[in-house]
Amino acid sequence: MKKIIFTGGGTAGHVIPNISIINELDRNKFQIFYIGSKKGIEKELILKENITYFEIFSGKLRRYFSIENFIDIFKVLLGIIQSFFIIRKIKPNLIFSKGGFVSVPVVISGFLNKIPIISHESDITPGLATKISSYFSTKILTSFPETINYLPKYKTEYVGNPIRKELLQDNIDNSFINFKENKPILLIFGGSLGSQFINKEIRKILDNLIKNFNIIHICGKGNIDKNLENIEGYKQFEYLEKEMFNALKISDIVISRAGANSIFEILALKKPNILIPLSKKASRGDQILNAKSFEKSGFSIVIEEEELNSELLLNKILELYDRRNEFIYKMNKSNYIDSNKKILDILNKYC
């Protein structure tokens, strides 16, 4: 039986694509292991999938000066030592890395153990972890064709972004919603942690929105507004797991951050959307580039955080719904590819 170690973490965006691929592997042919951090979101998500999980130390890789950089160097070194012996014990045929700080020690240790390493980058511009890992990776896969320009071209290939297979299945269960009126459904979510900023602007225009839409609002942990719990046509959730597939399927239009996993799932389902990327104040600007790429392709309306206000948001939501068929047409004409199949073919090739 072939053995594969998966790694990646820090945010759900680094873990969910791994789960998408894992769930399509034949468990009779592949033995699957995961190396992640002690406290990251990856541990919680992976253990739910009944996969053997190994914990390592992981330091954050910062682009700016901080005294914590010196402490985290030792955490990374310790993580490399831990990963080295885990890999030596498992003797995997392949390592698949989805990025995040925790992946760097695993990739380096895999290289030292002479194990083939496949890395995947979701955003247009690679993060620091991917840049470091690229030196040790056998092959690098990307979600956007533009990303090839930022990485060693001889070992980089555009394959698209992994999509959870449940998303593309026809079965729909909307029993968790139970809207009384038959109105178009507006889905709002701000990534795996939610967005207080988007929540605030949406709630300012809620009275106007519920005249036209039923609303599913995924607010993030601790962001439920109890004063709004009994409003007909407005459903709040801190987080959705399996129900998220159904929320996406039944929605008519979507408001989202511009993380790669979210936007490619929106594209796969051909949902007209407004993207509100994280600003450069809170990120390295990768979501802005992701959003601009989708806007250029005609898939999305983009509102940058610095420009966002409730009046503009309301106008753009109404515009989006009026022009929804235009966006659906553009998404249907896209060169969307079955990335899961391409990635599985590459894994089989290198295993």
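The values are calculated or read from the model by the stated rules, or taken from the named source; none is laboratory data. In this text, all values refer to a predicted model and were calculated from it rather than measured experimentally. All Cβ positions, glycine included, derive from the backbone under ideal geometry; neighbour counts span all protein chains shown.
Residues in the range 220-240: is at least one under 15 Å from the mean Cα position of the chain (by Cα) and either within 21 Å of N161 (Cα to Cα) or hydrophobic (A, V, I, L, M, F, W, C) (or both)? Yes. The residues listed here are E146, E157; of these, the one that is in a helix (DSSP H, G or I) and over 18 Å from L275 (Cα atoms) is E146. Of all the listed residues (I148, I177, I140), the sole one being assigned by TED's automatic domain parsing to the domain that holds I218 and either surrounded by 14 or more Cβ atoms within 10 Å (Cβ to Cβ) or under 22 Å from the mean Cα position of the chain (by Cα) (or both) is I177.
Of the listed requirements (1) assigned to a strand (DSSP E or B); (2) without any contact (Cβ under 8 Å) to a residue 40 or more places away in the chain; (3) more than 22 Å from F294 (Cβ to Cβ), N171 misses just one: (1).
Among the residues making up the range 44-53, those that are farther than 20 Å from M244 by Cβ and not in a strand (DSSP E or B) are N50, I51.
Scanning the range 1-31 for residues that are crowded, with 16+ Cβ neighbours inside 10 Å, in a loop (DSSP other than H, G, I, E, B) and of a type in the set (S, T, N, Q) gives a single hit, T11.
Table: residues versus (1) more than 18 Å from N174 (Cα to Cα); (2) touching a strand residue (DSSP E or B) at 6+ places or on another chain (Cβ under 7 Å); (3) without any contact (Cβ under 8 Å) to a residue 24 or more places away in the chain.
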{"residue": "E241", "(1), (2), (3)": "no, no, yes"}
{"residue": "A247", "(1), (2), (3)": "no, yes, no"}
{"residue": "A258", "(1), (2), (3)": "yes, yes, no"}
{"residue": "L275", "(1), (2), (3)": "yes, yes, no"}
{"residue": "K280", "(1), (2), (3)": "yes, no, yes"}
{"residue": "N290", "(1), (2), (3)": "yes, no, no"}
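Residues in the range 87-108 that are touching a residue at least 60 places away in the same chain (Cβ under 8 Å) and of a type in the set (V, I, T): I87, I90, I95, V102, V106, V107.
Here S122 qualifies as touching a residue at least 40 places away in the same chain (Cβ under 8 Å) and closer than 27 Å to S297 by Cα. You will find that of F264, F294, the residue that is under 19 Å from the mean Cα position of the chain (by Cα), closer than 20 Å to E326 by Cα and free of Cβ contacts under 8 Å to residues at least 40 places away in the same chain is F294 and no other. Annotation: of all residues in the range 108-137 being at pLDDT 95 or above and part of a loop (DSSP other than H, G, I, E, B), the one that is surrounded by the fewest Cβ atoms within 10 Å (Cβ to Cβ) is K114. When the range 166-186 is filtered for residues that are among the charged types (D, E, K, R) and touching a helix residue (DSSP H, G or I) at 6+ places or on another chain (Cβ under 7 Å), the ones remaining, listed by number, are E166, D173. When residues in the range 303-312 are screened for being farther than 26 Å from A129 by Cβ and either of a type in the set (F, W, Y) or surrounded by 15 or more Cβ atoms within 10 Å (Cβ to Cβ) (or both), 3 of them pass.
Count of the range 93-107 residues, restricted to those that are over 13 Å from S58 (Cα atoms) and not in a loop (DSSP other than H, G, I, E, B), is 4.
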